[in-house]
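Every number in this text was worked out from the coordinates using simple rules, so none of it is lab data. None of the values given here were measured: they were computed from a predicted structure. Backbone-built Cβ (ideal geometry, glycine too); neighbour counts: all protein chains shown.
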Amino acid sequence: MISPLAYIDPEAKIGNNVEIGPFCFIDKNVVIGDNNTIMANANILYGSRIGNGNRIFPGAVIGAIPQDLKFRGEETTAEIGDNNTIRENVTINRGTAAKGKTVVGSNNLLMEGVHVAHDAIVGNGCIIGNSTKMAGEIIIDDNAIISGGVLMHQFCRVGGYTMVQGGTRFSKDIPPFVIAGREPVAYCGLNLVGLRRRGFSNELIENIHNAYRIIYQSGLNVSEALEKVKAEIPMSQEIEYIISFISGSQRGIIR
């Protein structure tokens, strides 16, 4: 299961049933769980923590030091959950003193050429398209879909169940359940197909749609719109999520 042409540092901890292809480099201070497949020429560097059942394709680099001039060699990690598919040439940098770790959750697909910068947090069940680049300290919530060639500014957040159009660049937060696209980036309606596929009821979808009609089409400022949503839309976990996401946004939301 481990090619004699791979290098594995004696201090690395490797779980059971792990396949490691030729010319892989596994550094010291690395922990790899069970049932992982690490294909030829992948590099798993210092501070990487990899869960179970992941597939890591050729040329991927996990745990490289941050591309941040403030980094001073502090002890940090790059943490990968379970059952992810990490395609060719994906780069996942480890954290800095800001948060101490970069985190990619479980059941994600990171397509070819994706970059996950220092201190980023990617949730569970996300799809990140080819050549999408995520800057430092971003957050992507669960079940978001980020299409190919997207540029995500540092400190931005993308809400869950969102679809971001290919080629989009943005420097503000994208709230949950929506489609974002155009140039400049804008709210383009609900991610109706995605919500239906995930089992959202028609009533719940309508409530979410009505909330966003107030937020984007009422002419009210954001705080007034959120108060109107609280007063007029039946409260649910999803509506609470929208309200807390927008009210907690540090960069403001796309318009």
Pair-distance profile P(r), taking every C-alpha pair of the chain, with 5 angstrom steps and integer %
1, 6, 13, 17, 16, 14, 11, 8, 6, 4, 2, 1, 0, 0
Can you grab the distance from the C-alpha centre of region 128-155 to the C-alpha centre of region 193-239, Å, no decimals?
24
Placing unit charges on C-beta atoms (Lys and Arg positive, Asp and Glu negative, everything else neutral), compute the dipole magnitude of the chain about its Cα centre in debye, rounded to 20.
480
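Do any of 70/101; 172/230; 133/172 go past 18 Å between their Cα atoms, and which?
Numbers: 70/101 15 Å; 172/230 23 Å; 133/172 15 Å.
Listed pairs above 18 Å: 172/230.
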Percent of all alpha-carbon pairs of region 129-200 at distances over 16 Å, whole number, is 41
For region 42-178, alpha-carbon Rg over 2.2 N^0.38 Å:
0.94
Compute the angle between helix 222-232 and the longest alpha-carbon principal axis of the chain, please, reported from 0 to 90 degrees and rounded to the nearest 10.
70
Please compute the volume of the convex hull spanned by the alpha-carbon atoms of region 195-247 and report it per residue in Å³.
73
To the nearest 10 degrees, how steeply does helix 237-247 sit against the main Cα axis of the chain, on a 0 to 90 scale?
90
